[in-house]
Amino acid sequence: MASDELGRYRTYLLVLARRQAPAAQEGKLDTSGVVQQTLLDAHQAADVFAGLAAEQRLAWLRVALARNLADAYRRLHADRRDVRREQAFAAGVESSALGLERWLAASGLSPSQQAGRNELLLRLASALFELPEAQRLAIEQHYFDRRPVADIAVRMGKTAAAVAGLLKRGLQALREQLRESGD
């Protein structure tokens with residue numbers, strides 16, 4: 001499988017990795033490196049990966065990402081290993097992926113559009129990745145984690161009105177990006 005074809009999954013994996021790696025937000029964990037390792041794993045398993053359907057590829061990548069996040073976390077905290085946290089990565093990656101998929105399903109897709117759901121999922125992840133960080137965090141926390149605006153405001157150290165503005169501008173930017181790509 002060509003590396004440029006695997007590159008299509010990069011932003012999807014980055015969005016999932018960021019959601020699961022609190023250490024990445026502190027600058028301690030290199031999520032780009034973890035995603036690169038995941039894509040390398042897929043490249044090395046090209047014979048298996050190429051034979052998978054699109055949905056199975058995403059599942060394979062999520063499992064590999066969870067394993068690589070756990071490995072990176074283990075290396076980062078070798079002196080104080082927490083097996084429960086490592087096991088939580090697999091569940092957390094699946095939860096983040098389900099949050100993306102749930103939001104996509106709630107967008108009112110017709111049955112014919114559902115067929116291209118995986119491609120749209122990758123485009124949504126890419127569009128999210130392009131947003132300014134504050135907008136992306138507000139959208140992820142509100143729509144994926146289902147947190148109320150007031151809770152997000154406290155977490156981000158902003159007013160509820162500021163968070164509402166971030167959500168509005170972020171959604172507008174997402175709509176524009178997806179519209180430009182034909183979705």
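The values are calculated or read from the model by the stated rules, or taken from the named source; none is laboratory data. Quick caveat, the model's predicted, so the values are computed rather than measured. Counting neighbours? That spans all protein chains shown, and the Cβs are built from the backbone with ideal geometry, glycine included.
The criterion of being under 12 Å from the mean Cα position of the chain (by Cα) and modelled with pLDDT under 80 does not hold for GLY182.
Counting only helices (runs of 4 or more DSSP H) that sit wholly inside the stretch 87-152, those with at least 1 residues that are modelled with pLDDT under 55 and out of contact with any helix residue (DSSP H, G or I) (no Cβ under 8 Å at 6 or more places or on another chain) are 111-114.
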